[in-house]
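Visitor: Below is the structure I would like to discuss, written out as structure tokens.
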């Protein structure tokens, strides 16, 4: 039975490798036509969705991964990665070696992910409110926006929401299901709604 399991797994991996090459190649072509600044060796597990305001930028570093297939991350992905900019001057940057799984990022001002950031399945990062707070002008009133910065090697767990004006310090871990509405320090384990520091990380082994 274990031999058959091994054969099935090898077939699955081979099939996924071919699919990743196909989706990555088409995404590079789309990025070139659409104006997305896409670094080297990015891998796309199924198609991601991109929407870019014509006077904004989406900048993606080298060696990033975008997992959009339902089982491309076995924790389970309920929708593809969606990256969007919504205003003139908006800049969305993703650093080298970062990975997103079924992640939605909506940018109206500035969102920057550092290097080797991991964003867990079905999480949302948005630097604006999407609708006005004015109950009589939800769709045509002022919509607030403040920049987001996520430091190097931050790990955001599955099903998290990161809201406008937040900075997350380097190496920090955000527990699954958290709502991050205020800034978090570096080198901490944080969780909750609202998300708060729980305890410091052990001293990391610097390579």
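Nothing in this text is a laboratory measurement; each read-out follows from the coordinates by a stated rule. Keep in mind it's a predicted model, so treat the numbers as computed, not measured. Using ideal geometry, Cβ is built from the backbone for each residue, glycine included, and neighbour counts are taken over all protein chains shown.
Visitor: Given the options 122, 139, 41, state which has the largest fluctuation in a GNM of the chain using a 10 Å cut-off (strictly under) for Cα springs.
Guide: Fluctuation is largest for 139.
Visitor: Quickly estimate the mean residue ellipticity at 222 nm for the chain, helices only: each DSSP H run with n ≥ 4 gives -39500 (n - 2.57), and the total goes over all residues, rounded to 500.
Guide: On the way: 1 runs with 33 residues, N = 207.
Value at 222 nm, helices only, nearest 500: -6000 deg cm²/dmol.
Visitor: Right, another one. For region 13-88, what is the Kirkwood hydrodynamic radius in Å, using each pair of distinct C-alpha atoms?
Guide: Values: mean 1/r = 0.0769 Å⁻¹.
13.0 Å is the Kirkwood radius here.
Visitor: Regarding region 70-137, what are the three Cα extents along the principal axes, ordered largest first, in Å?
Guide: 43, 25, 13
Visitor: Right, something else. Cut-off is 10 Å between beta-carbons; in what order do 5, 103 appear when sorted fewest neighbours first?
Guide: Working: 5 9, 103 28.
Arranged by neighbour count, lowest to highest, 5, 103 become 5, 103.
Visitor: Moving on to the next point. Using alpha carbon coordinates only, what is the Rg to Rh ratio of region 48-95, with Rh defined as the Kirkwood radius?
Guide: Numbers: Rg = 12.6 Å, Rh = 12.0 Å.
Checking Rg against Rh, the ratio lands at 1.05.
Visitor: Okay, next question. Quick one: among 171, 78, 187, which has the greatest mean-square fluctuation in a GNM of the chain with alpha-carbon springs under 10 angstrom?
Guide: Answer for the Gaussian network model of the chain: 78.
Visitor: Rounded to the nearest 5, what is the percent of antiparallel bridges among the DSSP beta bridges in region 2-200? It would help to have the intermediate numbers written out before the result.
Guide: Working: 5 of 49 bridges.
Given both bridge residues lie in region 2-200, the antiparallel proportion sits at roughly 10 percent.
Visitor: Need the full-extension length gain, residue 129 to residue 142, defined as separation in residues times 0.36 nm minus the C-alpha distance. One decimal, nm.
Guide: Working: separation 13, 0.36 × 13 = 4.68 nm, distance 0.97 nm.
Answer, rounded to one decimal: 3.7 nm.
Visitor: Sticking with this structure for a sec: Find the percent of Cα-Cα distances in the chain that exceed 33 Å, and round it to a whole number.
Guide: Numbers: 3867 of 21321 pairs.
Roughly 18 percent, rounded to a whole number.
Visitor: While we're here: What three numbers, in Å, describe the spread of the alpha carbons of region 114-207 along their principal axes, ordered from the longest?
Guide: Taking max minus min along each principal axis of the Cα atoms, region 114-207 gives 53, 23, 22 Å.
Visitor: Among 65, 116, 16, which one moves the most in a GNM of the chain with springs linking Cα atoms closer than 10 Å?
Guide: So, out of 65, 116, 16, the one fluctuating most is 16.
Visitor: Would you please state which residues of region 9-45 a label at residue 62 would reach in this model, taking the label point 7 Å out along Cα→Cβ and a backbone N cut-off of under 17 Å?
Guide: Of the residues in region 9-45, 37-43 have backbone N under 17 Å from the label point off residue 62.
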